[in-house]
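Undergrad: This is the structure I have questions about; it appears just below.
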Amino acid sequence: MEYEYGQHQWHSEYQALCKKRDKDSLEYVATDCWQALQAMPHGPKSEQYWDEFWYCRAELRSREA
């Protein structure tokens, strides 16, 4: 990815990346982010982990429809 977290473009690029990932990869990333958030909910990267978690889950939900 070309942009750093926090820049508007990062979000757009990450969502596009999720569309390219297979189901197993999306589930793995979502689970990994969830575990990181459980271990350190207010850590320095927690906002990024939340975004990654929700973008992966949103892509998985869109494929179920």
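Undergrad: Restricting attention to segment 16-29, does a residue exist that is hydroxyl-bearing (Ser, Thr, Tyr), touching a Phe, Trp or Tyr at 6+ places or on another chain (Cβ under 9 Å) and assigned to a helix (DSSP H, G or I)?
TA: no
Undergrad: Also, quick follow-up: Looking only at segment 44-65, count every residue that is part of a loop (DSSP other than H, G, I, E, B) and within 23 Å of residue 8 (Cβ to Cβ) and tell me the total.
TA: So the answer is 2.
Undergrad: Let me ask something additional. Looking at segment 15-29, can you tell me whether even one residue there is closer than 20 Å to residue 4 by Cβ, in contact (Cβ under 8 Å) with a residue 40 or more places away in the chain and not aliphatic (A, V, I, L, M)?
TA: Within segment 15-29 (the criterion being closer than 20 Å to residue 4 by Cβ, in contact (Cβ under 8 Å) with a residue 40 or more places away in the chain and not aliphatic (A, V, I, L, M)), the answer is yes, since at least one residue qualifies.
Undergrad: Taking the options 37, 26, 60, name whichever one is surrounded by 13 or more Cβ atoms within 10 Å (Cβ to Cβ) and either at positive phi or within 10 Å of the chain's Cα centre (by Cα) (or both).
TA: Of the residues listed, the single one that is surrounded by 13 or more Cβ atoms within 10 Å (Cβ to Cβ) and either at positive phi or within 10 Å of the chain's Cα centre (by Cα) (or both) is 26.
Every number in this text was worked out from the coordinates using simple rules, so none of it is lab data. In this text the structure is predicted, and so the values were computed from the model without any measurement. Because the Cβ atoms are built from the backbone with ideal geometry, glycine has one as well, and the counts that use them run over all protein chains shown.
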